[in-house]
1. For the cross-link pairs 251/331; 285/333; 60/285; 241/331; 96/251, which exceed 28 Å when the distance is taken from alpha carbon to alpha carbon?
2. If you average 1/r over every pair of different alpha-carbon atoms in the range 42-177 and take one over that average, what Kirkwood value in Å do you get?
3. Under the rule of at least 5 residues apart or a separate chain, name every residue whose amide H is placed under 5 Å from the amide H of residue 316.
4. Rounded, prolate or oblate for the range 236-296? Axes are the square roots of the Cα gyration tensor eigenvalues, ordered a ≥ b ≥ c, and the cut-off for rounded is a/c under 1.5.
5. If you consider only alpha-carbon coordinates, what radius of gyration and Dmax does the range 158-278 have, in Å?
6. Give me the Å³ per residue figure for the convex hull around the C-alpha atoms of the range 107-180.
7. Considering only the other residues whose Cβ falls under 15 Å of the Cβ of residue 58, what net charge follows from Lys and Arg at +1 and Asp and Glu at -1?
8. Over the Cα atoms of the range 66-125, what Rg and Dmax result, in angstrom?
Amino acid sequence: MNPIKLKPIAAVLAVILLSGAGFALYTPASRAADGKKAEAAKPALTVTTALPVASRLPIKLAANGNVAAWQEASVGSEANGLRLTEVRVNVGDSVKAGQVLAVFSADSVNADLAQARAALQEAEANAAEAAANAARARTLQSTGALSAQQISQYQTAEQTANARIASARAAVASQQLRLKHTQVLAPDSGVISARSATVGAVVGAGTELFRMIRQGRLEWRAEVTAADLRQLRIGTSAVVKAANGTEATGKVRMVAPTVDPQTRYALVYVDLPASATSAANAPFKAGMFASGQFELGASDAITVPQQAIVVRDGFSYVFRLNADQHVSQLKVKPGRRLADRIEVLDGIGPDTRVVVNGAGFLNDGDLVHHVAETAPAPAPVPAQAKAQAAARGAPAAR
């Protein structure tokens, strides 16, 4: 046989012999050594765990809306063609019902009133004369000295004079009413929200001079969807937050009977407390935007610590600790939040032990080292603090 052809065959035989030798060298002792290495694998992280806790969480409905006046009153002028001589209030002033807000010039009205009173006196004098003539005519009626027509004329003159007295008295009352209208009075207690009155201006009847928030009451007009509207009732509590973060608790006064066909929202009217609206530095002002939550009661829920929820790719997960100290990533559906705990609606059971500290650094299947969470050490009592200070050589705090 050709020696050149034997070289490849010899190379193949050499490879087979080396492989067999390798398998022969992998003895049970070698396999035991590999197992010890696997057992000596280090955990990825040291973590703490917790079981879900059954809690009772409040049911709240969030909404947004505007703060507006409960009712606005328009205060106008009832005097026509008079000059405004005095304005006694300004925007932001609190007024009481019947308080004088502005004063018009009463010179022309006083002159007209004096003329009306003089006309009344003249009518009364003419009526007295007519009454005397009618009385004399009635005494002569039986004697025939006066004809029936003359007697009737005297009686008619008496009645006409009495009518002129009534007309003159009405004219006096009209002028007295004009004089009363020279003072603009507040129709109700409240806060002046707008002023257009200017001293020296001559305004016509019906011109608006002031606008006021009746009784200083404000309300929050929350916008609620039609689906959530059925959950609200008159008297439901609502926590409203102002622009500066101040919160106030109000009550639902009325639920709108209609829904806006454009936005599909309905208005819910919430009365705000006077303490948050009436003061000069009150946190709520008319026209302000505010957010709030309606308190609809409470319900049972399963909660986990906030640190146990890991958000990845837009989904929420928790890591379950298995018996072999490995973790499994579970997709959950979070719900309401209360302080540092979050409700879990779906994905775990009440006996699922989840990772708390370190959950954000884990991956599915990681080996972890589980330790019990230690409670913070209690603060030393004053006697212990003095003893510790004495041991350190420092003066104890008094």
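We did not get these values from a lab; they are worked out from the coordinates using the rules stated. Since this is a predicted model, take the numbers as computed values, not measurements. Using ideal geometry, Cβ is built from the backbone for each residue, glycine included, and neighbour counts are taken over all protein chains shown.
1. 251/331; 285/333; 241/331
2. Details: mean 1/r = 0.0427 Å⁻¹.
After inverting the pairwise mean of 1/r, the radius is 23.4 Å.
3. 332
4. Here the range 236-296 falls in the prolate category.
5. 24.4, 78
6. Numbers: hull volume 4.3 nm³, N = 74.
Value for the range 107-180: 59 Å³ per residue.
7. Working: positive: 56, 60, 336, 337, 341; negative: 247, 295, 300, 343.
My count for the surroundings of residue 58 gives +1.
8. Calculated on Cα positions, Rg and Dmax stand at 18.2, 66 Å.
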